[in-house]
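*Asks:* Once you've had a glance at the structure underneath, I'll fire off some questions.
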Amino acid sequence: MKKITIAIDGYSSTGKSTVAKQLADYLDYIYVDTGAMYRAVTYFAMHHGFISENHFDKEGLLNSLDQITIGFEKAPQFETADVLLNGKNIESEIRTLEVSSFVSPIATVPEVRRKLVHQQQLLGQQKGIAMDGRDIGTVVFPNAELKIFMNASAAKRANRRYEELIERGDKVTYQKVYDNVVERDRIDTTREDSPLVMAADAIEIDNSDMNMEDQFQIILQLAKDRIAGRI
Ligand code: DC
């Protein structure tokens with residue numbers, strides 16, 4: 001069967017990775033969570049003292065970029081991939097609110113983007129890939145056969161993220177999570193290099209009032225139609 005490239009972009013906590021994972025499982029495609037790659041660079045920057053509250057040593061990070069190698073490995077019990085920073089599995093460490101609060105400034109740095117985009121393009125060279133992020137349909141794979149742009153209200157998104165964090169045992173307040181969602185939207189959409197915008201040929205899905213299964217079926221049908229060349 002013909003393999004295509006599926007680009008899933010959109011705002012944070014819209015369930016992009018859930019649907020990208022479901023598609024990859026169903027179609028037997030590679031799944032890549034590019035947000036995890038930016039989070040891994042952020043984790044590295046935090047641990048080397050390049051970023052903290054009111055401090056960002058961009059030069060320090062740029063001088064260390066060559067020391068960062070990002071990879072993926074299959075998660076032990078699941079069909080998903082965990083992110084590796086220099087060979088160490090940091091999947092759980094990158095999902096904290098602290099990493100979420102520093103990741104958007106890190107993702108504004110053009111040199112960081114260039115490094116990660118290059119790696120993402122190599123991963124997708126053979127097609128048969130479902131990749132989610134902010135610039136996949138606009139920058140990484142402008143020729144992707146299927147581009148989806150996901151949206152939902154900020155309150156719904158904050159609620160989903162809050163419940164995830166509470167389930168993990170993190171001590172956070174809803175207000176903090178909501179503020180982080182809104183602040184990340186602001187930085188992601190207004191940065192100069194590759195801001196979050198919907199590609200002209202993307203299909204927008206607002207899932208504020210949609211369950212995950214219905215959403216998956218809608219997007220899967222679009223993928224099947226593209227693979228068969230029907231649309
Ligand atoms: O999808 P996520 O919430 O894990 O992404 C974390 C941050 O990384 C997001 O706020 C913006 C940035 N990002 C990006 O700039 N480009 C991408 N392709 C993916 C994520």
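*Asks:* Looking for whichever is modelled with pLDDT under 95 and either over 29 Å from Leu65 (Cβ atoms) or loosely packed, with under 13 Cβ neighbours inside 10 Å (or both) here; the options are Glu164, Glu204. Which one fits?
*Replies:* Answer to the selection: Glu164.
*Asks:* Select, from Ile30, Ile8, Ile4, the only residue that is of a type outside the set (S, T, N, Q), touching a strand residue (DSSP E or B) at 6+ places or on another chain (Cβ under 7 Å), at pLDDT below 95 and at negative phi.
*Replies:* Just one listed residue meets the conditions, Ile30.
*Asks:* So Glu59 clears everything in (1) modelled with pLDDT of 95 or more; (2) surrounded by 16 or more Cβ atoms within 10 Å (Cβ to Cβ) except one condition, right? Which one?
*Replies:* Of everything listed in (1) modelled with pLDDT of 95 or more; (2) surrounded by 16 or more Cβ atoms within 10 Å (Cβ to Cβ), Glu59 misses just condition (2).
*Asks:* Looking at this structure, is Gln221 over 17 Å from the mean Cα position of the chain (by Cα), surrounded by 15 or more Cβ atoms within 10 Å (Cβ to Cβ) and polar (S, T, N, Q)?
*Replies:* No: the conditions fail for Gln221.
*Asks:* Residues of the stretch 173-231 being within 16 Å of the ligand (Cβ to nearest atom) and either on the phi > 0 side of the Ramachandran plot or in a loop (DSSP other than H, G, I, E, B) (or both), which ones?
*Replies:* Arg191, Glu192, Asp193, Ser194, Pro195, Leu196, Val197, Met198, Ala199, Ala202, Asn207
*Asks:* Next question. Quick check on my filter: what residues within the stretch 1-59 are in contact with a Lys or Arg (Cβ under 6 Å, 6 or more places away or on another chain) and part of a strand (DSSP E or B)?
*Replies:* Across the stretch 1-59, the qualifying residues are Thr5, Ala7, Ile8, Asp9, Gly10, Tyr31.
*Asks:* Assess whether Ile231 counts as being at pLDDT below 95, farther than 20 Å from Arg113 by Cα and of a type in the set (Val, Ile, Thr).
*Replies:* So Ile231 passes the test.
*Asks:* Could you tell me whether the stretch 137-153 includes any residue that is within 11 Å of the ligand (Cβ to nearest atom), small (Gly, Ala, Ser) and either within 19 Å of Ala199 (Cβ to Cβ) or crowded, with 17+ Cβ neighbours inside 10 Å (or both)?
*Replies:* Within the stretch 137-153, one or more residues are within 11 Å of the ligand (Cβ to nearest atom), small (Gly, Ala, Ser) and either within 19 Å of Ala199 (Cβ to Cβ) or crowded, with 17+ Cβ neighbours inside 10 Å (or both).
*Asks:* Could I ask something else about it? Got at least one residue in the stretch 120-131 being in contact with a Leu (Cβ under 6 Å, 6 or more places away or on another chain), more than 10 Å from the ligand (Cβ to nearest atom) and under 17 Å from Val19 (Cβ atoms)?
*Replies:* Looking for residues that are in contact with a Leu (Cβ under 6 Å, 6 or more places away or on another chain), more than 10 Å from the ligand (Cβ to nearest atom) and under 17 Å from Val19 (Cβ atoms), one finds at least one in the stretch 120-131, hence yes.
*Asks:* Considering only residues of the stretch 1-56 that are more than 16 Å from the chain's Cα centre (by Cα) and of a type in the set (Gly, Ala, Ser), which is farthest from the ligand (Cβ to nearest atom)?
*Replies:* Gly49
The values are calculated or read from the model by the stated rules, or taken from the named source; none is laboratory data. Just so it is clear, the structure is predicted and the values come from calculations on it, not from any experiment. Heads up, the Cβs are rebuilt from the backbone with ideal geometry, glycines too, and the neighbour counts pull from every protein chain shown.
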